[in-house]
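Colleague: Let me begin by handing over the structure; questions about it come next.
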Amino acid sequence: MTASSFSILTTLVIIIVLTTETIRFFRTDEVSFGAFITGLEWNPLLGAEKHFGIWPLVCGTLMVTVVAMLLAIPLGLITAIYLSEYAPRTLRMILKPVLEVLAGVPTVVYGFFALTVITPFLRELYGGFEIYNVFSAGLAVGIMCLPIVCSISEDALQAVPLSLREGAYGLGATKFDVSVKVVTPAALSGIIAAALLAIARAVGETMIVALAAGNLARMIWKPTEQAQTMTAYMVQIFLGDASNFGAEYYSAYAVAATLFVMTFLLTILGHHIRIKFREEYE
Amino acid sequence: MTIPAGSAPRGKLQRALKNHAFRWFCTLCAAVSVVVLAILLGSLLLQGWRHLDLEFIRNAPSRKPEKAGLGPAMWGSIWICAACALTALPIGAATAIFLEEYKPASPFIRKLHGFLQLNISNLAGVPSIVYGIIGLTAFVQMFGLVGNLNEPGFTVGTPDDWYYLQLPFGRGVLAGGLTLMLVILPIVIVSSQEALRAVPNSLREGALACGATKWQMVWRMTLPAAVPGIMTGAILAMSRAIGEAAPILVIAGIVFIRFTPQHLMDEFTAMPLQIYDWAGRPQDEFHRVAATGILVLLAVLLTFNASAVLIRQRFQKPLQ
Amino acid sequence: MTQMQSPLTADIALAASPRRVPRIDVSNVTSRSLSLLAEHRENASPSDDAETETAVRVRGFSSWYGDFQALHDITVDIPQRQVTALIGPSGCGKSTFLRWVNRMNDLVPSARASGTLDLHGMDVLAGTIDVVDLRRRVGMVFQKPNPFPKSIYDNVAFGPRLHLKIRKPVLDDLVERSLRRAALWDEVKDRLKDSALGLSGGQQQRLCIARAIAAGPEVLLMDEPCSALDPKSTARIEELIAELRDRYTIMIVTHNMQQAARVSDLTAFFFEGWLVESGSTEQIFTKPRNSQTEEYVSGRFG
């Protein structure tokens with residue numbers, strides 16, 4: 001009983017720490033809550049003019065996440081359909097371990113891969129890519145999230161009962177019809193839950209973006225250039241001169257609080273969708 | 001079939017073609033994963049094989065890439081993973097036992113259970129760097145309540161003794177291990193729950209029928225039966241912990257560590273952090289060193305996962 | 001156990017049957033002509049006994065699941081526009097036989113068959129036939145209602161949408177007609193967009209019948225369609241079957257002998273993979289020629 005209360009304790013500690021430090025952040029003279037929420041510039045480390053608008057960092061995170069999801073969700077879903085509906089046993093025995101390995105690779109390795117393989121390759125294709133760019137990091141994050149999407153979606157697809165497939169075959173459906181028009185819609189809640197989980201992972205990803213995406217916090221929309229994500233900013237602060245307990249130091253906590261709120265909402269949303277649509281086919 | 005007026009039959013050839021094309025499309029997409037993994041491993045081998053030798057594993061990092069080694073980082077990883085495992089396993093298993101074995105009767109406690117389960121799912125989704133920050137505040141600095149890093153509020157022994165302890169823990173091995181424990185705790189809990197669920201009810205009923213109390217049944221019957229599953233889950237959680245760089249980065253920072261930790265409060269570095277350090281350097285040669293480090297890390301992970309699979313297969317004998 | 005009857009018994013029974021079943025050889029006719037023929041038949045009055053043709057012709061049909069032989073040398077003629085009941089104790093192969101008529105057993109990797117199974121002259125077992133088209137012509141209703149988790153309208157429209165490029169008003173019409181024929185229209189006409197899963201068990205099964213009909217089949221296969229339903233719903237579906245036989249050849253597998261007696265024109269009795277006896281329902285139930293049949297229909301085993 002005491003052991004399980006530890007997990008509640010953990011959550012409470014997280015909330016308390018983030019809240020108190022964030023409040024301390026907003027108490028400093030240089031920052032106001034309004035400016036944080038609405039400000040479009042973030043350069044806390046510039047000596048003279050410091051800005052603490054959160055949106056450039058959020059923008060960076062979102063850009064990486066969007067690129068990652070454009071890769072992970074379609075590919076992950078189609079691979080799941082392949083595994084669930086088409087794959088013969090021998091190919092399954094190859095593909096499933098491959099996906100498990102991809103899922104188990106530490107994120108620092110993916111960051112290294114993005115920096116040393118993906119980026120040079122992209123630059124070969126089109127010179128406009130900077131050395132640090134959002135697209136490269138996004139691709140690596142996508143590869144990292146693909147196994148998550150695939151395995152949860154596959155579970156959802158497998159859970160669709162045989163009777164539904166038989167009903168469709170009995171009406172003269174081809175395998176394509178059955179997979180796309182009956183099974184996938186029936187498994188939709190599980191697939192959406194998979195996507196939300198992947199998004200939460202992508203948003204919280206640190207090492208890949210720290211190595212490959214860059215350290216310039218600004219609002220841009222070109223994935224060929226560099227941008228700083230929320231997590232990369234936190235790395236920058238904590239690697240820097242941490243004994244200076246100024247507004248910059250506490251800004252990391254404020255960013256962490258924002259991040260926590262985002263992933264918390266995603267988790268709750270995924271949970272709700274799972275529960276609400278659970279009795280899909282009975 | 002009567003074709004209703006105002007409609008036309010779909011071409012059978014078209015439908016058959018669509019069917020085949022979709023199958024090929026799915027196969028192609030599935031092949032992408034295999035190709036990506038092949039490229040990943042291939043590039044790592046290509047870049048990293050040059051430095052791969054025993055010297056590499058023993059040496060300390062240095063300014064010269066040829067002399068750089070993973071030694072202290074490996075020891076650091078071992079220390080923090082040990083600390084992590086020793087704390088995460090008991091707490092995680094106990095929580096799982098509470099959730100699975102002591103099923104609530106009253107609706108209020110059932111709601112509490114549901115809340116607890118949701119809480120654990122939420123914790124599983126928290127980014128690991130946030131755990132790093134929490135670990136920094138709670139373990140390294142201890143909220144500033146017992147002194148600060150330069151003047152610890154409470155000490156046992158001196159930094160030369162192996163049993164040296166201080167409060168706050170400072171940027172030491174213990175703080176790192178505990179932070180990692182926070183990261184993997186949800187994983188340990190969930191996999192232990194699965195292991196407990198897999199124990200058939202007939203075993204539990206048999207124990208109770210012999211006159212055992214609930215606690216005796218759990219401790220002597222259910223838990224031993226679930227041990228292989230719990231161990232497998234723990235090993236998989238540990239392989240996640242070994243690869244985590246972000247929380248360690250916050251706790252330890254990038255420090256030039258040349259020796260293995262001597263006591264629980266000692267400074268340290270870990271393998272993924274060392275790799276991050278090398279990878280972030282501008283010199284190409286250090287990139288190759290990083291690749292070598294990655295190969296060593298992956299080899300360690302492979303061993304872990306293989307042993308988990310072996311344990312699972314060995315003890316997979318059905319429990320009925 | 002009574003001794004196993006050989007398959008010859010079935011042939012002899014058929015040959016000695018008081019009602020001969022004349023067959024029309026339609027193997028040379030193209031499918032377009034077939035559909036014209038079908039249209040013509042639809043508009044004609046219900047055929048009477050003397051003119052029944054064979055919808056499904058079975059000669060020496062055997063099937064296996066791996067090494068296990070599920071059906072032995074089945075020979076029977078399923079007449080058109082009549083209800084044929086397949087009865088027998090659990091595991092006797094009647095469902096297996098039914099599932100071969102629309103090649104549903106293709107979904108089971110270890111299933112194979114030999115012999116002749118013809119649908120209006122088309123060899124169902126040939127590797128070259130278009131199975132998708134076969135399944136359009138032979139509809140199936142399953143033991144447990146299995147509506148798709150879509151709206152009622154989309155369930156019924158699923159079949160037509162697969163096979164036809166169809167305009168919305170025509171599709172609306174087709175959906176309505178199918179639901180009317182399945183005796184479900186009045187209950188759902190105001191909520192066609194609601195989820196099919198909100199219907200009761202009996203309604204869901206009628207929806208599945210409507211769905212099967214909407215695709216425009218010639219033959220309807222029903223695998224114990226009432227076994228999961230309450231008596232009231234069962235009675236409604238039995239009424240439905242009586243109405244449907246004017247348009248469709250119906251083959252129904254049932255555990256319930258009284259149901260077979262109520263609903264069918266022809267009955268075939270299966271036992272442990274053999275077709276023991278087949279003939280008119282009246283004859284099977286009142287004057288069975290085979291002692292095993294007699295024991296089963298009088299309830300002494302099964």
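Colleague: If I ask for residues that are in a helix (DSSP H, G or I) and in contact (Cβ under 8 Å) with a residue 40 or more places away in the chain, which ones from segment A:157-179 would you list? Write out each step before concluding.
Modeller: So in segment A:157-179, the residues in a helix (DSSP H, G or I) come out as A:157-158, A:162-170, A:175-179.
Within segment A:157-179, A:Leu157, A:Gln158, A:Leu164, A:Lys175, A:Val178, A:Ser179 meet the criteria.
Colleague: Also, quick follow-up: What are the pairs with Cβ atoms under 6 angstrom where one residue, in segment C:233-249, is within 15 Å of C:Arg262 (Cα to Cα) and the other, located anywhere, is hydrophobic (A, V, I, L, M, F, W, C) and assigned to a helix (DSSP H, G or I)? Sequence gap at least six, or different chains.
Modeller: Partner pairs satisfying both residue conditions: C:Glu238/C:Val263; C:Ile241/C:Val263.
Colleague: For residues that are among the polar types (S, T, N, Q) and more than 14 Å from chain A (Cβ to nearest Cβ), scanning just segment B:34-83, find the one that is farthest from B:Ala241 (Cα to Cα).
Modeller: Just the residues of segment B:34-83 that are among the polar types (S, T, N, Q), to begin with: B:43, B:47, B:59, B:62, B:77.
From what is left, the residues that are more than 14 Å from chain A (Cβ to nearest Cβ) are B:59, B:62.
Values: B:Asn59: 23, B:Ser62: 26 Å.
Taking the candidates together, the pick is B:Ser62.
Colleague: Quick check: anything in segment B:245-263 modelled with pLDDT under 85, surrounded by 20 or more Cβ atoms within 10 Å (Cβ to Cβ) and in contact with a helix residue (DSSP H, G or I) (Cβ under 8 Å, 6 or more places away or on another chain)? Explain how you work it out, then say what you get.
Modeller: The initial filter retains those residues of segment B:245-263 that are modelled with pLDDT under 85, namely B:253-263.
Of the ones still in play, those that are also surrounded by 20 or more Cβ atoms within 10 Å (Cβ to Cβ) are B:257, B:261.
Narrowing the set further to residues that are in contact with a helix residue (DSSP H, G or I) (Cβ under 8 Å, 6 or more places away or on another chain) leaves B:257, B:261.
There is at least one residue in segment B:245-263 that is modelled with pLDDT under 85, surrounded by 20 or more Cβ atoms within 10 Å (Cβ to Cβ) and in contact with a helix residue (DSSP H, G or I) (Cβ under 8 Å, 6 or more places away or on another chain).
Colleague: If you don't mind, there's one more thing I want to ask. Output the residues belonging to segment C:138-149 that are more than 7 Å from every other protein chain (Cβ to nearest Cβ) and either surrounded by fewer than 24 Cβ atoms within 10 Å (Cβ to Cβ) or over 18 Å from C:Val101 (Cβ atoms) (or both).
Modeller: Listed by number, the residues that qualify are C:Gln143, C:Pro145, C:Pro147.
Colleague: Return the pairs, sorted by first residue and then second, in which the second residue is surrounded by fewer than 16 Cβ atoms within 10 Å (Cβ to Cβ) and modelled with pLDDT of 90 or more, the first residue lies in segment C:113-131 and is away from chain B (no Cβ under 14 Å), the beta carbons are less than 6 Å apart, and the residues are 6+ apart or on different chains.
Modeller: C:Gly115/C:Gly60; C:Thr116/C:Arg59
Colleague: How many residues does segment B:160-214 hold that are at pLDDT 90 or above and not in a helix (DSSP H, G or I)?
Modeller: Of the residues in that region, 0 qualify.
Colleague: Restricting attention to segment B:84-101, report how many residues are at the interface with chain A (Cβ under 8 Å from one of its Cβ atoms) and surrounded by fewer than 17 Cβ atoms within 10 Å (Cβ to Cβ).
Modeller: 1
Colleague: Moving on. Out of segment B:102-113, which residues are exposed (fewer than 12 other Cβ atoms within 10 Å of the Cβ), in a helix (DSSP H, G or I) and modelled with pLDDT under 80? First the steps, then the outcome.
Modeller: Initially, segment B:102-113 is screened for residues exposed (fewer than 12 other Cβ atoms within 10 Å of the Cβ), giving B:103, B:105-108, B:111.
From the residues that got through so far, the ones that are in a helix (DSSP H, G or I) too are B:107-108, B:111.
Listed by number, the residues that qualify are B:Pro107, B:Phe108.
Colleague: Among the residues that make up segment A:175-185, is at least one of them within 11 Å of chain B (Cβ to nearest Cβ) and within 12 Å of C:Phe148 (Cα to Cα)? First the steps, then the outcome.
Modeller: In the first step, residues of segment A:175-185 are kept if they are within 11 Å of chain B (Cβ to nearest Cβ); the result is A:175-180.
From what's left, within 12 Å of C:Phe148 (Cα to Cα): A:178.
There is at least one residue in segment A:175-185 that is within 11 Å of chain B (Cβ to nearest Cβ) and within 12 Å of C:Phe148 (Cα to Cα).
Colleague: Residue check: is B:Gly253 within 14 Å of chain A (Cβ to nearest Cβ) and in contact (Cβ under 8 Å) with a residue 12 or more places away in the chain? Even if it seems obvious, please write down each step before you answer.
Modeller: Numbers: within 14 Å of chain A (Cβ to nearest Cβ): yes; in contact (Cβ under 8 Å) with a residue 12 or more places away in the chain: yes.
It is true that B:Gly253 is within 14 Å of chain A (Cβ to nearest Cβ) and in contact (Cβ under 8 Å) with a residue 12 or more places away in the chain.
Colleague: Here are some residues: A:Pro147, A:Pro185. Which one is out of contact with any helix residue (DSSP H, G or I) (no Cβ under 6 Å at 6 or more places or on another chain) and not hydroxyl-bearing (Ser, Thr, Tyr)?
Modeller: Numbers: A:Pro147 fails: out of contact with any helix residue (DSSP H, G or I) (no Cβ under 6 Å at 6 or more places or on another chain).
Checking each option against the conditions leaves just A:Pro185.
Colleague: If a residue counts only when it is over 18 Å from A:Val178 (Cα atoms) and hydrophobic (A, V, I, L, M, F, W, C), which strands (runs of 3 or more DSSP E) contained entirely in segment C:87-181 have at least 2 such residues?
Modeller: C:111-119
Colleague: Could you please tell me which pairs satisfy a Cβ distance under 7 Å, a separation of 6+ or placement on different chains, a first residue in segment A:102-120 that is over 20 Å from A:Val149 (Cα atoms) and within 7 Å of chain B (Cβ to nearest Cβ), and a second residue that is among the small types (Gly, Ala, Ser) and not in a helix (DSSP H, G or I)?
Modeller: Within 7 Å, the pairs are A:Val108/B:Ala245.
Colleague: Further, regarding this structure: Is it the case that some residue within segment B:167-181 is within 24 Å of B:His113 (Cα to Cα) and not basic (Lys, Arg)? Spell out the reasoning first.
Modeller: Residues of segment B:167-181 within 24 Å of B:His113 (Cα to Cα): B:181.
Now drop any that are not not basic (Lys, Arg), which leaves B:181.
Yes, there is a match, as at least one residue in segment B:167-181 is within 24 Å of B:His113 (Cα to Cα) and not basic (Lys, Arg).
Colleague: Now, a different point. Answer with yes or no whether B:Thr179 is away from every other protein chain (no Cβ under 11 Å), buried (at least 20 other Cβ atoms within 10 Å of the Cβ) and among the β-branched types (Val, Ile, Thr).
Modeller: Numbers: away from every other protein chain (no Cβ under 11 Å): yes; buried (at least 20 other Cβ atoms within 10 Å of the Cβ): yes; among the β-branched types (Val, Ile, Thr): yes.
Considered against the rule, which asks whether it is away from every other protein chain (no Cβ under 11 Å), buried (at least 20 other Cβ atoms within 10 Å of the Cβ) and among the β-branched types (Val, Ile, Thr), B:Thr179 comes out as yes.
Colleague: Right, here's the next one. I'd like the full set of residues that are in contact (Cβ under 8 Å) with a residue 60 or more places away in the chain and of a type in the set (Gly, Ala, Ser), limited to segment B:107-134. Quick ask: steps written out before the conclusion?
Modeller: Keep residues of segment B:107-134 that are in contact (Cβ under 8 Å) with a residue 60 or more places away in the chain, which gives B:120-121, B:123-124, B:127-129, B:131-133.
If the condition is that a residue be in contact (Cβ under 8 Å) with a residue 60 or more places away in the chain and of a type in the set (Gly, Ala, Ser), then B:Ser121, B:Ala124, B:Ser128, B:Gly132 are the ones that fit.
Colleague: Right, another one. Can you pull out the residues in segment A:121-138 that are in contact (Cβ under 8 Å) with a residue 12 or more places away in the chain and in a helix (DSSP H, G or I)?
Modeller: Here is the first cut: in segment A:121-138, the residues in contact (Cβ under 8 Å) with a residue 12 or more places away in the chain are A:122, A:126, A:128-138.
Residues satisfying the conditions are A:Leu122, A:Val134, A:Phe135, A:Ser136, A:Ala137, A:Gly138.
Colleague: Which condition breaks for B:Ala198 when tested against (1) closer than 28 Å to B:Pro224 by Cα; (2) crowded, with 19+ Cβ neighbours inside 10 Å?
Modeller: Unmet for B:Ala198, out of (1) closer than 28 Å to B:Pro224 by Cα; (2) crowded, with 19+ Cβ neighbours inside 10 Å: (2).
The values are calculated or read from the model by the stated rules, or taken from the named source; none is laboratory data. The structure displayed is predicted, hence computed values, not measured ones. Note that each Cβ is placed from the backbone with ideal geometry, even for glycine, and that neighbours are counted across all protein chains shown.
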